[in-house]
Amino acid sequence: MQSQIRMRHLLDQSSAEAARLKSLLHDSRQKTRTIQMQNLRSRRSRDKARAKAQKAIELSKTKICWSLRKGGAYTADARAMARALVGAGCSQEKVGEMIQYIARMAGRSVKQKMSRRTVQRALMEGGVALSTDATTVRGENYESGHVMINKGTTHKMRIFSMTSTVSHSSEAQLANIKFQITAISTLYKQCPLAKRSKLNFELHDFARVVKTMGADHAADAKKLGRLFESWRNETSRILLGYEEIQRMEPPKIVEIVREIAAKNLEEVGGTEAWSKLSDDQKDTLTKSSMDRVGHGYRVHVRVWTRGSAGFGYGSGFLTRRHTVD
């Protein structure tokens, strides 16, 4: 009887040990499988990386020719590269050579050499293009204005004005453009976005970023182009004059400010008359005096001139560097 009990106890122990060993074997097989799969993935990743590196080595040994044109026209990326090089200070005549040089440094070659004229056209495509038009409804004149914002290879059109005007003259159209942009500038300064971003937008900023202007062949449109060109040149000269003043020594700047203040007092008739003016009137007089000072300095300014075909639809201002006295 005791032997049977002992035998049953040993059998139970053996069954429990067998179950434990079976569980350990199952876990060991799972771990072995996991390790095998990790090794397999590691070998695949290694082989893939080795093949990719080998392919890169083979490509680096073989010079690939980049094409700047597609269908006979320069691609948008090529024109964007030209604008970026000019913006970085590269001469328009050297842009084509610089593109070829950069390609050679990257182990590539470029057959086409972009000409100075093509670079100028690419510059006109970048930045902001201004366009206006008008119509008459029941004897009342309506003016509209929109801008094409070109940045890199993206192009966005935005309408900035749709107003009723008394006159359709070129002078009235230019005055309306300035008025609408000034209103947008005033509104932007008052919005929370300007305060958060700490950015500023003034009328002269608009004149600075406009690169070209589109219009029909009407006489008033051509005259508007000439007026806008003249205003833009004057604004560019004033801004460059400001930059020249900012590079002066502080005592010289203080002297200029004092001269402006003295001239303002003289124009309005003394300190008492000046104190009676509103803040807006004082700001207007001060800005006008500062513009005259900025305009008076001899600076090297990039003046925008019209193309030889004249100012019409699709034409624009081209760049030419010279000294303005």
| Considering segment 90-112 alone, what residues qualify as being out of contact with any Leu (no Cβ under 9 Å at 6 or more places or on another chain) and either among the charged types (D, E, K, R) or not assigned by TED's automatic domain parsing to the domain that holds THR75 (or both)? | GLU93, GLU97, ARG104, ARG108
| note | Considering residues that are aliphatic (A, V, I, L, M), closer than 17 Å to THR212 by Cβ and not in a strand (DSSP E or B), the number found within segment 112-137 is 4
| said: Checking the structure you have, find out if any residue of segment 138-149 is in contact with a Phe, Trp or Tyr (Cβ under 7 Å, 6 or more places away or on another chain), at pLDDT 85 or above and either within 30 Å of ALA56 (Cβ to Cβ) or not assigned by TED's automatic domain parsing to the domain that holds GLU234 (or both). | reply: no
| field | Tally of residues being in contact (Cβ under 8 Å) with a residue 24 or more places away in the chain and out of contact with any helix residue (DSSP H, G or I) (no Cβ under 8 Å at 6 or more places or on another chain) across segment 63-79 | value | 6
| task | Name every residue in segment 89-120 that is without any contact (Cβ under 8 Å) to a residue 12 or more places away in the chain and either on the phi < 0 side of the Ramachandran plot or surrounded by 13 or more Cβ atoms within 10 Å (Cβ to Cβ) (or both), in order of residue number. | result | CYS90, SER91, LYS94, TYR101, ILE102, ARG104, MET105, ALA106, ARG117
| field | Residue check for LEU10: modelled with pLDDT under 90 and touching a Phe, Trp or Tyr at 6+ places or on another chain (Cβ under 7 Å) | value | no
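Closer than 17 Å to ILE181 by Cα and small (Gly, Ala, Ser) - does that describe any residue in segment 198-220?
yes
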| message | Could you check segment 195-220 and list, in sequence order, the residues that are more than 21 Å from LYS151 (Cα to Cα) and without any contact (Cβ under 8 Å) to a residue 40 or more places away in the chain? | response | LYS195, ARG196, LYS198, ALA218, ALA219
| query | Quick one: would you say GLY312 is of a type outside the set (Lys, Arg), modelled with pLDDT under 50 and over 19 Å from ASN233 (Cβ atoms)? | reply | yes
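The values are calculated or read from the model by the stated rules, or taken from the named source; none is laboratory data. The shown structure was predicted, so the numbers you read here are calculated from the model rather than taken from an experiment. We place every Cβ from the backbone using ideal geometry, glycine too, and count neighbours over all the protein chains shown.
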